[in-house]
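Participant: Would you mind keeping the following structure in view while I ask a few things?
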Amino acid sequence: MSETDQSLGFQRPRLIAKKVLAEPRVAGRGAVVRRSIGRPEIESLDPFLLLDDFSLTCDFLCISHHSNNTVSPPAGFPDHPHRGFETVTYVLQGGLSHQDFAGNKGVIHAGGVQWTTAGRGLVHSEMPAGEGTHTGLQLWINLASKDKMIEPTYQELLSDDIPKAEKEGVEVKVIAGEAMGVHSSVSTRTPTMYLDCTLKPNAQYHQSVPEPWNAFVYIIEGEGVFGMPDSQPATAHHILVLGAGGEGLSVWNKSSEPLRFILAGGLPLNEPVVQHGPFVMNTQPEIDKAIEDYNGAKNGFEMARQWRSKNNGIKISHFLQSRTPSPLLVSRTSSSSFYIRLHSRIAVGSSPEKALTGSRTTFSGKRPTLLRVQVESGGGELQERNESPPRNIIFNQPPPTLI
């Protein structure tokens, strides 16, 4: 393609089929996320299951998540399981402390990537590495049925390990796949490309995308024109789903500020997908078996019964100022001990004993019980009553109060 032709893009470009703005919401333990895949408008995009743009703020003075996208500490993603797919965590700012039940642990620093193949099962936590704001993207990629029960593996890349391609005002970090002749070292079970692209003002970029693949753009910052030079500009936090057919994607930065976006594509698996929270399989019986295996600590989850991440064991013992009352959740760990899980803004009564209302005598049976309690207004201190938080039990039909 000549330079003149290239300025107009591909002869058969991939156009934008759908554009959706990802609004912020709270997930995990107080993490603020913008979910673009895994929502009603885009439930999935085979082989992609979910894309979250997350922000974790570790500020011990912050109580409410309703102001400046900050949340009560410790924000993050405490101990939780996975089976049947891959997670790709890309840290943009700060760092994430990662631990799993097999003893793997470390910190993903800004610009780094952790490509996790959960396979038959793992339990891990991802929490802020220190105070401040920590941001990034997490992408879930489905595994083919033949790969869903393989052993878990990790591929970890420091920022300096990710190859870069640069030309005429365009920089591309090649996390997976190829760009401008530069190839990533990441091995993907499902054929995938994952590119972090930055265009200076007045720059343009034309990236080939295999025709059978599904692909999308997620804009991190700036404003760009995608598909055709006369298309309407798209701005930060929008996901753009590419239409079928065509040779590749063309992008123009006609603004006065840099444009940064993710371009991801993958070969569709064309297999049935049945998902229940962190488990993604092909049939409902396989989901039922995953729940049984996790709750029973077997078939890949043997280490889940006793393991607790250190990140998840932070005591809830902050002194809290007077706030509007709102709910907490109490989770049973044994007949004589329990702990308090933060659910939203909270207010604690003058005495921990008076802070709880409702029955505390219904903790019976082997399965943990969740009940909703109300805290009274006023100041005070509420402490965790158990040294080891319980692991999260996955229910086939979760109680209404389970989060």
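We did not get these values from a lab; they are worked out from the coordinates using the rules stated. Bear in mind that the values here come from a model prediction, so they are computed numbers and not experimental data. Note that we place each Cβ from the backbone using ideal geometry, even for glycine, and neighbour counts take in every protein chain shown.
Participant: Measure off 7 Å from each Cα along the Cα-to-Cβ vector at Glu292 and Met228, then give the distance between these two points in nanometres to one decimal.
Facilitator: It works out to 5.5 nm between the two label points.
Participant: On to the next question. Scattering from the C-alpha atoms of segment 149-188 alone, worked out with Debye: what is log10 I(q)/I(0) at q = 0.22 1/Å?
Facilitator: Values returned for q = 0.22 Å⁻¹ are -0.71.
Participant: Something else: Need one number: nm distance between label points at Asn270 and His109, each 7 Å from Cα along Cα→Cβ, rounded to one decimal.
Facilitator: Here the answer is 4.5 nm between the modelled labels.
Participant: Would you please state which residues of segment 266-289 a label at Ala144 would reach in this model, taking the label point 7 Å out along Cα→Cβ and a backbone N cut-off of under 15 Å?
Facilitator: Answer for segment 266-289: 266-272.
Participant: Could I ask something else about it? Taking 27 Å as the cut-off for C-alpha to C-alpha distance, list the pairs among Lys146/Lys298; Lys19/Lys200; Lys164/Lys254; Lys19/Lys254; Lys164/Lys200; Lys19/Lys105 that go past it. The partial results should precede the final answer.
Facilitator: On the way: Lys146/Lys298 20 Å; Lys19/Lys200 23 Å; Lys164/Lys254 23 Å; Lys19/Lys254 19 Å; Lys164/Lys200 15 Å; Lys19/Lys105 37 Å.
The answer is Lys19/Lys105.
Participant: Using the alpha carbons of segment 151-253, what is the convex hull volume per residue in cubic angstrom, as a whole number? If you can, show how the numbers build up before the last one.
Facilitator: On the way: hull volume 12.3 nm³, N = 103.
Spelled out: Cα convex hull of segment 151-253, divided by residues, is 120 Å³.
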